[in-house]
Amino acid sequence: MGKRIEAAENKRKRRLTHSKQKTMDTIIKFGQFVRYQRQRKGMTQLELSLKVFNKPNYEYIGRLERGVAAGITFNTADKLMLALDSELEFKKFENYTPDLNKRLNGF
């Protein structure tokens, strides 16, 4: 591999690693939020799982709260927020444009 190609590949790998870390940080923060809201409501993990999944799935709730769940869908996040009578607040971000994508991702 040429030096320029190798440098570009290394940059891509660093960007992917950073992106994965940001995703994990978000999952950890969400799990902490779920735990806080659940405890504030006086609910057990089992009670929450029954409200969200209509079946016992407290293992998943525990993994989510510890930030080690494989991932979470918007549907599950929405069900959790409804079960906890809570809301997610999304920050306002600049609207997507192809130019913005190029600036953010270095393309």
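In this structure, Leu80 does not qualify as crowded, with 16+ Cβ neighbours inside 10 Å, among the aliphatic types (A, V, I, L, M), closer than 18 Å to Ile27 by Cα and touching a Gly at 6+ places or on another chain (Cβ under 8 Å).
Inclusion of Gly67 among residues that are surrounded by 15 or more Cβ atoms within 10 Å (Cβ to Cβ) and modelled with pLDDT under 90 is warranted. Of the residues making up the stretch 42-91, those that are part of a loop (DSSP other than H, G, I, E, B) and not aliphatic (A, V, I, L, M) number 15.
Return yes or no: is Phe53 at pLDDT 75 or above, surrounded by 13 or more Cβ atoms within 10 Å (Cβ to Cβ) and aromatic (Phe, Trp, Tyr)? Quick ask: steps written out before the conclusion?
Values: at pLDDT 75 or above: yes; surrounded by 13 or more Cβ atoms within 10 Å (Cβ to Cβ): yes; aromatic (Phe, Trp, Tyr): yes.
The answer is yes for Phe53.
The values are calculated or read from the model by the stated rules, or taken from the named source; none is laboratory data. This one's a predicted model, so the numbers in the text were calculated from it and none came from an experiment. Quick reminder, even Gly has a Cβ in these numbers, built from the backbone with ideal geometry, and neighbours come from all protein chains shown.
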